[in-house]
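So the structure is just underneath, and the comments pick up after that.
The values are calculated or read from the model by the stated rules, or taken from the named source; none is laboratory data. Computed from a prediction, not measured in an experiment: that's the story for all the values here. Every residue, glycine as well, gets a Cβ built from its backbone with ideal geometry; the counts of neighbours run over all protein chains shown. Please note that ligands, DNA and RNA were not included when accessible areas were found on the heavy atoms of the full protein model with its side chains. Shrake-Rupley method; radii C 1.70, N 1.55, O 1.52, S 1.80 Å.
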Amino acid sequence: MRQTDRYFKFDWITIILFLLLVGFGWLNILSASHTGETIDYLDFSQPYGKQLIFIMLTVVLIILILSIEAKFYERFSSVIYLISMLSLVGLFIFGKNVNGATSWYAIGGMTLQPSEFAKTATALAVAKYISDLHTDMKTLKDQVRLCVIIAIPAILILFQNDAGSTIVYGSFFFVLYREGLPKLYLIIFVLLAAISVLALKFGATITSIGALVVIFAHHFLRKKKPAFIQPIFFVLVSVGIAIGVKFFYQNILQPHQQDRISLWLRLEKDPQKIEKMRRDILYNLYESEKAISSGGVTGKGFLEGTRTTGKFVPEQHTDYIFSTVGEEWGFLGSAMVVIVFVFLLLRILHLSELQKSQFSRVYGYSVATILFFHFMINIGMVMGLIPTIGIPLPFFSYGGSGLWGFTILLFIFIKLDSNRINEW
């Protein structure tokens, strides 16, 4: 093979989509950071200047990832996972608290967030375990072990008071389902979510009565009726979940978390209290919605967003970066960002199905689902469609840890895909 041919093994469609997102993300960080004065693009004291450094270092990181042998990531996945878990444990001793979360290491004048890299490590570990010849996804033993692999980083991150990053680990459920997890688990997952929401919205009593009616109606309408103990068991479980969710909401969650869920499900009936909660608890969301709606169809133009320039949306260059897109680029620009993300996700899924190695396929699906969860939750949060959860928009939000974490996650898969021709 000629030296030049090796570079064309990389999937350039995925790389181009990545570059589009990173480039457009930087432009929006620039918009969210400037105050209407003359812009010095090399002012490294500003977020857009720092992000430019992060992007340049990302290029070095990409070259390093692509230069390593593809089999390295499979061979040393367990070691990478162990090191990543130790870095999460170390936060409890050496971590720096930022905005109530102990999720960063302070290194000189910068901070590093290991939870952003733990997703890649967990994806590698899950892919390695599933692809093992002795693993059978239909056995309870292997299902439990996989859950433990996923749960360890999720719990460690939760204890650091970073609930947003914890939720992302739910994305691995769909990877396991793709690889043979019984459909029963998917049904249980959907029912758990439905019962939880209904219990909060209508109360445990009404939800329990509703579950009783639905379960027994289903039992008597079936042609082949199972033992009567089965519907009774499901009713008891449903009642237990309904009561448990209500208790968890009222006694375990922090007040600000309760308020966010209350506003999302419209549990509060007092208009004055609702407005006060919106101003005090969801000020960022309130201003974000106004910024997006003010953009109209075509937007106000690059660097012309009045609400962005006026700093109405706090931390707009991080978790709320999509509100800058909505104000300055409008519905058309926002739609284009969504379309590029969807193309990227579809491309990753397409390449995953082409893999000859189960390890590469599972890892590819992990990449797609992690990116999808971040994309869905962040944009849904910024637009008020789901409760406020602080997680970044991949390749868009300001921050070196986030950019490097997502880059490592994606480019390991690009490297694995480039080795597809050598797989048996």
Practice problem: Scan region 94-120 residue by residue and report those that are under 22 Å from the mean Cα position of the chain (by Cα), under 21 Å from Q51 (Cα atoms) and open to solvent by 30 Å² or more (accessible area, probe 1.4 Å). | Solution: V98, N99, W104, Y105, T111, L112, F117
Exercise. Give the residue that is surrounded by the most Cβ atoms within 10 Å (Cβ to Cβ), with candidates limited to residues of region 380-408 that are modelled with pLDDT under 90, under 13 Å from the mean Cα position of the chain (by Cα) and part of a helix (DSSP H, G or I).
Key: M381
Exercise. Name the residue, out of G164, G203, that is of a type outside the set (A, V, I, L, M) and over 21 Å from V237 (Cα atoms).
Key: G164
Quiz item: Which residue, of I39, I65, I83, is closer than 30 Å to R420 by Cα, of a type in the set (A, V, I, L, M) and open to solvent by less than 50 Å² (accessible area, probe 1.4 Å)?
Solution: I65
Practice problem: Would you check which residues across region 310-332 are part of a helix (DSSP H, G or I), open to solvent by less than 10 Å² (accessible area, probe 1.4 Å) and not acidic (D, E) and list them? | Solution: I321, F322, S323, T324, V325, G326, G330
Self-check item: Among the residues listed as S360, S366, the single one being within 14 Å of V168 (Cα to Cα), part of a helix (DSSP H, G or I) and either open to solvent by less than 20 Å² (accessible area, probe 1.4 Å) or among the aliphatic types (A, V, I, L, M) (or both)
Solution: S366
Quiz item: Is it true that V98 is touching a Phe, Trp or Tyr at 6+ places or on another chain (Cβ under 8 Å), among the aliphatic types (A, V, I, L, M) and at pLDDT below 95?
Solution: yes
Self-check item: Residue tally, condition open to solvent by 30 Å² or more (accessible area, probe 1.4 Å) and either touching a residue at least 60 places away in the same chain (Cβ under 8 Å) or of a type in the set (K, R) (or both), over region 121-130
Solution: 1
